[in-house]
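This report refers to the structure that appears directly beneath it.
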Amino acid sequence: MKLKKSTHNIHDWCFVSGRVNALESSLFTCQFFEKLLDINSFDDFFRQLLKSKLKDCFTTQDNIHDYERLIDAYFCGNVNEIKALSPDTKICDFFLLKYKLQDLKNYLKHKLSGAPQGPVAFVLTSPDIEYLWKEMEEIPGTRIKAGFFPPEHGPDILEALQNGLKSLKVVLNKDKDVLKNNIMFIIDLVMDNAYLCYIEKMCEYFSVEYAKTYLKMFIFINVIKSLLRAMSAGCNIELLKEHYLQGYLYNACFLDLINLPIKEWKEKLKKDLPAELVDCIISDKVEENINDMARGEIQLDNYLLDIVKQTKHIAFGPERVFGYLCGLDSEIYNLKLLIGGRINKIDSQLLRERMRNTYV
């Protein structure tokens with residue numbers, strides 16, 4: 001299925017830009033998160049949340065333990081509101097796809113490994129997901145169907161999901177021993193590859209330069225983060241090559257990196273990232289790279305957010321919408337981090353070090 005290039009005039013974005021302007025003013029500031037970090041009592045922490053725009057999400061202290069699902073629902077509700085007002089949905093689809101993909105991955109892991117069922121709230125309850133297992137060949141061991149949609153069927157956003165399912169079906173018919181011992185890892189590799197390759201395809205059809213720049217760097221940084229995690233954990237490099245670094249991700253730069261010790265990545269990464277950023281995320285000491293992985297990922301995420309912060313100065317247009325949604329995505333990450341950290345009694349300083357920058 002091919003994406004269609006946008007033919008909308010910039011003035012078509014006036015109304016939704018006005019809505020975004022109002023929503024942007026409600027984004028949480030750094031000062032708000034600092035205030036939450038300084039609260040020691042869980043009761044006081046909860047009361048502070050009830051004074052914010054999240055008051056409708058958390059009605060009792062009991063449901064705060066279901067915070068991930070509730071905050072995801074809050075995020076997707078905001079994105080769907082913007083999507084309904086937008087003359088072109090591709091920008092919103094980019095943000096929704098991550099949640100659809102995660103739900104599908106949770107479902108696959110449950111089906112194929114017997115792992116506990118993860119939260120499923122946005123994909124498998126949606127009518128459009130029916131296309132994934134209708135009139136197509138089943139994936140072994142599941143009821144999921146995999147194959148290409150006829151061109152007239154389904155929204156574009158589902159193409160990434162069904163491409164991943166098709167690739168996974170091929171893998172499941174291969175070496176059963178390799179599959180048995182690595183099924184969770186392989187599901188992540190195959191589906192994440194389909195996700196990033198689809199985003200690369202979206203870049204071709206974006207007329208919004210800020211968004212195109214962001215998406216291309218988003219792909220690059222997400223591959224780097226995945227490789228760092230996998231190599232630091234001692235994962236099978238051959239599985240990375242076979243199931244992840246394929247298609248658009250079959251890139252000389254990425255293939256070179258996995259053949260080098262992490263501490264030797266610096267010079268290659270400096271071709272695509274600022275030197276000072278690379279020096280921060282790659283240490284000369286291997287043990288520091290492993291222990292400080294989370295902090296390096298936060299710095300990469302902050303760099304991505306900085307790319308689109310200039311869109312706040314654009315009065316109206318798709319750039320303004322894209323920037324706001326990037327800011328909202330960063331806010332959601334911080335909320336999950338702080339609420340989860342408070343529930344699990346994580347030290348406030350450690351949480352502060354793991355927070356992303358805010359958009360406002």
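For the reader, a short list of remarks on this structure follows.
- 27 Å Cα-Cα threshold exceeded, pairs from K35/K271; K270/K345; K100/K241; K100/K201; K83/K169; K216/K268: K35/K271; K270/K345; K83/K169
- HN-Hα J in Hz across region 193-207 - Karplus 6.51, -1.76, 1.60, θ = phi - 60°, x for Gly and Pro: 4, 4, 4, 6, 5, 5, 4, 4, 5, 4, 4, 5, 10, 9, 8
- Electrostatic tally near I91: other residues with Cβ closer than 10 Å to its Cβ, Lys and Arg +1, Asp and Glu -1, net -1.
- Distance histogram in 10 Å bins (all Cα pairs of region 206-360, percent per bin): 10, 34, 34, 20, 2
Rule-based calculations on the coordinates, nothing more; no lab input. Quick caveat, the model's predicted, so the values are computed rather than measured. Cβ atoms come from the backbone with ideal geometry, glycine included; neighbour counts cover every protein chain shown.
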